[in-house]
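S.K.: There's a structure below that I have some questions on.
The values are calculated or read from the model by the stated rules, or taken from the named source; none is laboratory data. Fair warning: this is a prediction, and the values are worked out from it, not measured in the lab. Glycine gets a Cβ as well: all are built from the backbone with ideal geometry, and neighbour counts include every protein chain shown. Only protein heavy atoms, including side chains, enter the accessible area calculation; ligands, DNA and RNA are left aside. Shrake-Rupley method; radii C 1.70, N 1.55, O 1.52, S 1.80 Å.
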Amino acid sequence: MFLFYLESLMAVFPLFLKGLWMTVAISGLSLITATILGFLAGIGRSSGIKLLRYGIGFYVNLVRGTPFLVQIFVIFFILPEFGIHLEPFPAAIIAMTIMGGAFICEIVAAGMEAVPKGQREAAMSTGLSRYQQVRYVILPQAMRTILPPLVGQYVLLVKDSSIVSVIGVMDLTRVGWLTVQRIPEGMLVFGLVGIMYFAVCYPLIQLAARLEKRMSVGESRL
Amino acid sequence: MINFTNVNKWFGDLHVLRDINLNVAQGEVLVVCGPSGSGKSTLIRCINRLEQIQKGELIVDGMNVHDRKTNMTQLRAEIGFIFQQFNLYPHMTALGNITLAPMKVRKLKKEEAEKLGREILERVGLSDKVDSYPAQLSGGQQQRVAIARGLCMRPKIMLFDEPTSALDPEMIQEVLDVMVNLAKEGMTMIVVTHEMGFAREVAKRILFMDEGQIVEIAPPEEFFTKPKSERTKLFLSKILTH
């Protein structure tokens, strides 16, 4: 029986590859957009404009205080009530961007805060504008602190992308879910799904670990 | 050049500057001393608005420092500020550190800025350290790069906040030498320091502060030989005996 299932699983294997591709596409795209949003928000959070700081703080807390599943439902099922209709794919990207952006914002803000305040004072004293202080002095130094957890966040983003299957995106998880209804060998089907996720995440985990190590070596040199 | 009129500053409940009235003329070297917590660092940090004042008026180079309309970037570009902890940018070479502001604020071309940077590094005796990173330099060398970074903006005023306090004793002189030269070239300087040898050599006046107030201000001769206030005498007896 097992062998039979294995054989039929092989028959639908191309579907899994398509699902994997969708997962990679969604996480890859939203990884880029979330990084842009997260950096902008993180830099904005350290700015002098109070309203902007509070606004960003509210956004981050809202995202951190609600389940991702609920965020997706809001975007996909509730926005149409207000006349905003989205296809599953763009809805997924938007949800992932908003969620990832909030966490990356926190990482960026923390990294910038870790730069000694004398650095900003020195830059300020030479007449650099706020933007120039961030661009040339603060951010390059903050990157050392930001990079390892940022890559860690990418791993989470890939895994969280599995949740977008609930709105009908044909990602890896959804392919697994549909397959298991025809081939009732959960262990086998979701084992394969798991392996495929792992294949995407593992290099990222390795990269994060390596960055972490390199950064800490660099730090002890200073 | 620098005018304090009834300047007051609080950190929360702490009254750190009390009714400061002070005039510093162009080309004058003023040394500020006093016990820790007396407000001497705060005094000079107000001049380029690293700290805000709450009351009074502070005019620097004709500009009202604490007026919202004042273009601070422009004013700060005219004031070099040297920190106790150097605060060099660790991710840039010595040359990178000192050419950043000339390129971004003064809009010099890269070659011009680097030419200027090399000249000024030579002036502080570091022409062989152009491509070194701060972590590869000694404390004294780092502080000299920091001074070069200030000078590279061709400032009208240089402020020094305990520039030698974080240095090993054998490195203090090399930094003081640079500062003495600067003073002799006619730079307007305010120096917070306890290096009384330096004060004696180049200061036009010495200011003694305690508890946020100016206790005494006098030319070096008078300051060291016949201080008026008891507080100054006590302070001098402590720092001059060793």
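S.K.: Give, rounded to the nearest 20 debye, the magnitude of the charge dipole that chain B has about its Cα centre when Lys and Arg contribute +1 at Cβ and Asp and Glu contribute -1 at Cβ.
M.R.: 680 debye
S.K.: Please enumerate, by chain and number, the lysines with C-alpha under 29 Å from the C-alpha of B:LYS226, excluding those fewer than 8 residues away in the same chain.
M.R.: Straight-distance partners of B:LYS226: B:LYS40, B:LYS184, B:LYS204, B:LYS238.
S.K.: OK, next. Taking the dipole about the Cα centre of the stretch A:2-216, with the C-beta of Lys and Arg at +1 and of Asp and Glu at -1, give me whichever of A:LEU15, A:LEU211, A:SER27 is farthest to the positive side.
M.R.: Farthest towards the positive pole: A:LEU211.
S.K.: In terms of the Cα gyration tensor, with a ≥ b ≥ c the square roots of its eigenvalues, is chain B rounded because a/c is under 1.5, prolate because a/b exceeds b/c, or oblate?
M.R.: Here chain B falls in the oblate category.
S.K.: In nanometres, what is the gap between the two model label sites at B:ASN64 and B:ASP19, each 7 Å from Cα along Cα-to-Cβ?
M.R.: Output for this residue pair reads 2.3 nm.
S.K.: Specify the angular offset, from 0 to 90 degrees and rounded to the nearest 10, of the alpha carbon long axis of helix A:172-182 from the longest principal axis of the alpha carbons in chain A.
M.R.: 20 degrees
S.K.: Another one. Report the FRET efficiency, 1/(1 + (r/R0)^6), for B:ARG154 and B:LYS55, where r is their Cβ-Cβ distance and R0 is 35 Å, rounded to 0.05.
M.R.: 0.60
S.K.: Next question. Does the stretch A:2-216 come out rounded, prolate or oblate by the C-alpha gyration tensor, with a ≥ b ≥ c the root eigenvalues, rounded set by a/c under 1.5 and, if not, prolate when a/b is larger than b/c and oblate if not?
M.R.: It is oblate, given that a/c is not under 1.5 and a/b is not larger than b/c.
S.K.: Here's another thing I want to ask about it. Relative to the longest principal axis of chain A, what angle (0 to 90°, nearest 10) does the C-alpha long axis of helix A:139-160 take?
M.R.: That helix lies at roughly 20 degrees to the long axis.
S.K.: Among the aspartates and glutamates, which fall within straight-line cross-link reach of B:LYS110, defined as a Cα-Cα distance under 20 Å, with same-chain neighbours fewer than 8 residues apart omitted?
M.R.: Those aspartates and glutamates meeting the cut-off are B:GLU119, B:GLU122, B:ASP128, B:ASP131.
S.K.: With a ≥ b ≥ c taken as the square roots of the eigenvalues of the C-alpha gyration tensor of the stretch B:1-61, please select rounded if a/c is under 1.5 and otherwise prolate if a/b is larger than b/c or oblate if it is not?
M.R.: Note, shape of the stretch B:1-61 comes out oblate.
S.K.: Also, quick follow-up: By how many degrees, between 0 and 90 and to the nearest 10, does the Cα long axis of helix B:230-240 differ from the longest principal axis of chain B?
M.R.: 40 degrees
S.K.: Just want the answer: with Cβ charges of +1 for Lys and Arg and -1 for Asp and Glu, which residue in A:ILE104, A:VAL63, B:GLY56 is farthest toward the dipole's positive end in the protein assembly as shown?
M.R.: After comparing all options, I get B:GLY56.
S.K.: Straight-line reach only, C-alpha to C-alpha below 24 angstrom: list the lysines that A:LYS159 could link to, leaving out same-chain residues fewer than 8 apart.
M.R.: In chain and number order, the partners are A:LYS18, A:LYS213.
S.K.: Can you pull the accessible area of B:SER237 for me, 1.4 Å probe, Å² to the nearest 10?
M.R.: The value for B:SER237 is about 60 Å².
S.K.: Using a 1.4 Å probe and counting only protein heavy atoms, how much accessible surface gets buried when B and A come together, both sides summed, in Å² to the nearest 100?
M.R.: Rounded to the nearest hundred, the buried surface is 1700 Å².
S.K.: Along the three principal axes, how long is the protein assembly as shown when you take its alpha carbons, biggest first, rounded to the nearest angstrom?
M.R.: Reported extents, whole Å, longest axis first: 105, 50, 42.
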